[in-house]
Amino acid sequence: MSIDFLTSGSWFGSQIDFLLFLQNIRLHLGPVFDKLFMSITFLGELFVPTFIMCVIYWCFDFCAGVFLFSLNSSVMLTALLLKCIFCVKRPWILSDKIKPVKAAFGGAGGYSFPSGHTSMAASSFGGMAYLFRKNKTVLWSLVLLILFVGFSRMYLGVHTPQDVLTGLILSVIFIFALSKLIDFCEKDKNRYLYSLAVFDIVLAIILFIILYKSYPLDYVNGKLLVNPLHAKYIAVVYSSWLAGLINGAYLCARFFRFDPKAGSVLSKILRSVIGGIILYICLRIAQIYFFESIADFKLTFACMFSVGFFATAIYPYIFTKFSSK
């Protein structure tokens, strides 16, 4: 497809025009700003938001951590479902005039709508902004961070405004819904099990839809524009990771209520550093093995689920037992 198909007055055409405007600015500013916005967009990838949420969960506030994991998982699963339902192509496929920053291609596989990076940043940092809403400095700093991540996706040429806005809107909707859910579950710990059962059923339905629906197969010069297998695989990687986080957190909330506030400042620092190193190594291995090559779906699900479950259930159990001794 090209910009000729997306007429200037159309909704998509207007978005492409905006990306071309940003592209002209980018070309004038040079590679220094490309690197700056690549650094900003990194904040919307898997490790940084997850590590910060884990630190809150491990060291500061159990319920706040459960809320953040619930929010992040709900938004990301919805985003994955929307990506695979609507199958919106990337901007450079919609218009051959769009020339994204080459370094941004690595995090821009599969379909475009909505933006995964924006959804990740808005759900994690947006949840933190909600928790710290009484502190205006922290609140607006986090809001600006989210907006910068969203803007970076457009500046780099890998997402349209509608992709970014949808990620933001999803997060706002789920923030208020899930804050009520956690309050509801805290009144009766068994409600965590009921909520977990609903989450796992919804997850299974979403995965079934993603894996077995039909996808468009569009070729240009014999080359497939978007490989549905890749889109399915990314969905399996993320959904299994999120399932591990939620199952671990909700089972802890019901059966093993550890106290993240217990221990000295030094012990919390060590807890965060050790947990962060383990998490980084696991995700780095997963990135090399799972993200960069399509492996077996069942093996992928089992491995990514285990890493998420370790972060929210096994690791808290280990450091709690270690601290008690």
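Here are the numbers:
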{"quantity": "Among the residues listed as LEU245, LEU224, LEU207, the single one being farther than 17 Å from MET53 by Cβ, aliphatic (A, V, I, L, M) and out of contact with any Asp or Glu (no Cβ under 8 Å at 6 or more places or on another chain)", "calculated": "LEU207"}
{"quantity": "Near pairs, Cβ below 9 angstrom, 6+ apart or cross-chain, from segment 221-238 (closer than 18 Å to ARG90 by Cα) to any residue that is exposed (fewer than 14 other Cβ atoms within 10 Å of the Cβ) and hydroxyl-bearing (Ser, Thr, Tyr)", "calculated": "LEU225/TYR219; PRO228/SER214"}
{"quantity": "Hey, ASP96 among the acidic types (Asp, Glu), part of a helix (DSSP H, G or I) and either under 30 Å from LEU283 (Cβ atoms) or out of contact with any Lys or Arg (no Cβ under 6 Å at 6 or more places or on another chain) (or both) or not", "calculated": "no"}
{"quantity": "Any hit, segment 30-39, residues being surrounded by 24 or more Cβ atoms within 10 Å (Cβ to Cβ), polar (S, T, N, Q) and out of contact with any strand residue (DSSP E or B) (no Cβ under 8 Å at 6 or more places or on another chain)", "calculated": "no"}
{"quantity": "Residue identified as of a type outside the set (Ser, Thr, Tyr), closer than 23 Å to TYR280 by Cβ and surrounded by 18 or more Cβ atoms within 10 Å (Cβ to Cβ) among LEU43, LEU82", "calculated": "LEU43"}
{"quantity": "Top-ranked residue of segment 256-272 - restricted to ones that are small (Gly, Ala, Ser) and part of a helix (DSSP H, G or I), ranked as surrounded by the most Cβ atoms within 10 Å (Cβ to Cβ)", "calculated": "SER272"}
{"quantity": "Residues satisfying the stated conditions in segment 179-194, i.e. in a helix (DSSP H, G or I), of a type outside the set (Ser, Thr, Tyr) and without any contact (Cβ under 8 Å) to a residue 24 or more places away in the chain", "calculated": "LYS180, ASP183, PHE184, ARG191"}
{"quantity": "Failed item in (1) in contact with a strand residue (DSSP E or B) (Cβ under 7 Å, 6 or more places away or on another chain); (2) assigned to a helix (DSSP H, G or I), with GLY275 passing the rest", "calculated": "(1)"}
{"quantity": "Residue within segment 210-217 that is among the β-branched types (Val, Ile, Thr), under 19 Å from the mean Cα position of the chain (by Cα) and modelled with pLDDT under 95 present", "calculated": "yes"}
{"quantity": "Selection within segment 195-222 - surrounded by 12 or more Cβ atoms within 10 Å (Cβ to Cβ) and assigned to a loop (DSSP other than H, G, I, E, B)", "calculated": "LYS213, TYR215, ASP218"}
{"quantity": "Any chance SER70 is over 24 Å from HIS230 (Cα atoms) and of a type in the set (S, T, N, Q)", "calculated": "yes"}
{"quantity": "Out of VAL138, VAL88, VAL75, sole residue that is assigned to a helix (DSSP H, G or I), closer than 27 Å to LEU229 by Cα and touching a Phe, Trp or Tyr at 6+ places or on another chain (Cβ under 6 Å)", "calculated": "VAL75"}
{"quantity": "Index of the failed condition, ILE269 passing every other in (1) free of Cβ contacts under 8 Å to residues at least 12 places away in the same chain; (2) under 30 Å from TYR212 (Cα atoms); (3) of a type in the set (Val, Ile, Thr)", "calculated": "(2)"}
{"quantity": "Subset of segment 138-162 [aliphatic (A, V, I, L, M) and touching a helix residue (DSSP H, G or I) at 6+ places or on another chain (Cβ under 8 Å)]", "calculated": "VAL138, LEU139, LEU142, VAL143, LEU145, ILE146, VAL149, MET154, LEU156, VAL158"}
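The values are calculated or read from the model by the stated rules, or taken from the named source; none is laboratory data. Note that the structure is a prediction, hence the values are computed from the model and not measured. Cβ atoms come from the backbone with ideal geometry, glycine included; neighbour counts cover every protein chain shown.
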